[in-house]
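Written below as structure tokens is the structure these notes are about.
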Amino acid sequence: SAVISQKPSRDICQRGTSLTIQCQVDSQVTMMFWYRQQPGQSLTLIATANQGSEATYESGFVIDKFPISRPNLTFSTLTVSNMSPEDSSIYLCSVEDRTSGSNLRLETQYFGPGTRLLVL
Amino acid sequence: LAKTTQPISMDSYEGQEVNITCSHNNIATNDYITWYQQFPSQGPRFIIQGYKTKVTNEVASLFIPADRKSSTLSLPRVSLSDTAVYYCLVATRSASKIIFGSGTRLSIRP
């Protein structure tokens, strides 16, 4: 199974600043995803980041606010730009533990521990 | 992606069997039913998946009736460490993303 690490694990930021969250996987994977989870709530998909292509954003999320990089098959970053208190949340990355195929296999989906962000 | 409906929360006691039911009336022929578990301060993790009838692994059992419009996750003899949020998801293997529903917050008491 894929092992995922995220940096930072938590941070407190001032409004108007930006924070870049890193997601590192111990194996090469094709599909990576970024989620947001507000306290006591379910996970909301922000975007899908596949290596070699532009990230695909879900409704309500835009590239200017959440730019994503995916430079190789083991790494991705999510930036939360021009932050406001409403961006306070847990941000999680997930991967599918395969390097081939475009069809999602839920049984091989793994999640990182999350980055807990508080914006003051 | 088929929409799912689960109870918002459930309480039980150590040693009991817990059954969490998920409704998915619009499930498609090619959809699989998958359950994830999320402990506090951790990301979700896969626990079980099925297509029809019954599936059992070392963590749980999954019961799916013939019409597949619902499924039941069964946790035998729960302990305090089973306190978590349980998510039911329905998707085909050709899906390109996972959409989470509200989940069921399970609290186990001594």
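The values are calculated or read from the model by the stated rules, or taken from the named source; none is laboratory data. In this text, all values refer to a predicted model and were calculated from it rather than measured experimentally. Neighbour counts are summed over all protein chains in view; Cβ atoms, including those assigned to glycine, are modelled from backbone coordinates with ideal geometry. Only protein heavy atoms, including side chains, enter the accessible area calculation; ligands, DNA and RNA are left aside. Shrake-Rupley method; radii C 1.70, N 1.55, O 1.52, S 1.80 Å.
How big is the gap, in Å, between the Cα center of segment B:1-79 and the Cα center of segment A:42-70? The two parts, judged by their Cα centres, are 28 Å apart.
Using the C-alpha gyration tensor of the protein assembly as shown, what are the square roots of 5 times its eigenvalues, in whole angstrom, with the largest one first?
Equivalent-ellipsoid dimensions as semi-axes: 30, 21, 15 Å.
Summed over both chains, the contact between A and B buries some 1800 Å² of accessible surface at a probe radius of 1.4 Å. Of the residues in segment A:9-35, those shielded by at least 20 Å² of accessible area once partner protein chains are present, compared with the chain alone at a 1.4 Å probe, are A:35.
Extent of chain B along its three principal axes (Cα atoms, max minus min coordinate, largest first): 41, 29, 23 Å.
Modelled spin labels at residue A:22 and residue A:72, positioned 7 Å past Cα toward Cβ, are 1.2 nm from each other.
Scalar couplings 3J(HN,Hα) for segment B:101-110, obtained by applying the Karplus form with A = 6.51, B = -1.76, C = 1.60 to θ = phi - 60°, are x, 6, x, 10, 8, 9, 10, 10, 10, x Hz; x denotes Gly and Pro. Split the accessible area of the protein assembly as shown by element, probe 1.4 Å, and carbon with sulfur accounts for 48%. Among the cysteines of chain A, those with no neighbouring cysteine Cβ under 4.7 Å are A:13. Given a cut-off of 31 Å, name the pairs among B:3/B:54; A:7/B:52; A:7/A:65; A:7/B:97; A:65/B:69; A:65/B:3 whose C-alpha atoms lie farther apart than that in the structure shown. Flagged as over cut-off: A:7/B:52; A:65/B:69.
Computed over protein heavy atoms with a 1.4 Å probe, the accessible surface of the protein assembly as shown works out to 48 Å² per residue.
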